[in-house]
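Structure first, then comments.
The values are calculated or read from the model by the stated rules, or taken from the named source; none is laboratory data. Since the model is a prediction, treat every value here as computed from it, not as a measurement. For neighbour counting, all protein chains shown are included, and Cβ atoms are generated from backbone atoms with ideal geometry for every residue, glycine included. Note: accessible area is taken over every heavy atom of the protein model, side chains too, but ligands, DNA and RNA are not part of it. Shrake-Rupley method; radii C 1.70, N 1.55, O 1.52, S 1.80 Å.
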Amino acid sequence: MGRAFEYRRAAKEKRWGTMSRIFPKLAKTITMAAKAGGPDPDMNPQLRLAIQTAKAQNMPKDNIEAAIKRASGKDAADIAEVNFEGKGPHGALIFVECATDNNNRTVANVRSYFNKSGGELLKTGSLEFMFDRKAVFEFDSPEGTDLEELELELIDAGLDELDENEGTIYVYGDYTSFGSLQEALEGMGIEVKKASLQRVPNNPQSFSEAQMEEVEKLIDKLEEDDDVQAVYTNIE
């Protein structure tokens, strides 16, 4: 999604930090990371970052440990990743990433959210070319940081863009550079608050405030669903 919308979403996520409804999403991310690369965060960069993200959202340590243990249990095998693509109000394009143990339930729920908002689900792959896959890292701006110097140090690791907003630095790179950027930031002693692979629109569109209200109602409804891990749009 566009930068302005991304910043609003980041602010909203910060408010959600103490709310229990975000914890199941974080737990699924941790469980899937542990299942894919092992339960030791020192040997599993994906898990290490998932834990850092959870801690930044004030997720209790017991919840994090339980999510890691779940990776070796039968429940972990039942969690599958599934994506949905659709059009929301006023033609807004929406890409939804889910992690679910009941695909029929998730499909029914996501379809109902779109239908009730006047939108519609599209065939899988319809919007894939409308979004670029990006590795995105967020962290607090270290005191005295020279952004130009930081940018130069990260270029060799695959940096595409570096941005700063209200004390938070955003680092963007191609999704294939996720590992190298992670290693570079860790090597610099930077504590990442959030790291993820995101879908950034390659042709973001502007909407009026009234239109935005309708689109955001759908986005909020989607994000309230425990099976939905992330929602991306072409909003500028």
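Taking the protein heavy atoms of the chain in the context of the full set of protein chains, the accessible area attributed to carbon and sulfur is 47 percent at 1.4 Å. The helix-only estimate of mean residue ellipticity at 222 nm for the chain, built from DSSP H runs of length n ≥ 4 each weighted as -39500 (n - 2.57), is -13500 deg cm²/dmol after division by the residue total.
Accessible area per residue for the chain, computed on protein heavy atoms with a 1.4 Å probe, is 52 Å². Taking every alpha-carbon pair under 8 Å whose residues sit at least 6 apart, the chain reaches a relative contact order of 26 percent.
Taking a point 7 Å out from the Cα of Ser72 in the direction of its Cβ, the residues of the range 27-59 whose backbone N falls within less than 12 Å of it are 35, 38-40. Extension gain, Glu186 to Asn202, is 2.9 nm, computed as 0.36 nm per intervening residue step minus the present C-alpha separation. A Förster distance of 30 Å, applied to the separation of the beta-carbon atoms of Lys116 and Asn83, puts the FRET efficiency at 0.90. Here is the link list: Lys87/Lys134; Lys55/Lys221; Lys35/Lys193; Lys55/Lys87; Lys134/Lys221. Which ones come out longer than 30 Å on Cα distance? Where the Cα-Cα span goes over 30 Å, the pairs concerned are Lys55/Lys87.
About its Cα centre, the dipole of the chain is roughly 1380 debye, where the only charges are +1 on Lys and Arg Cβ and -1 on Asp and Glu Cβ.
When the P(r) of the chain is calculated, the portion above 29 Å amounts to 29% of the C-alpha pairs.
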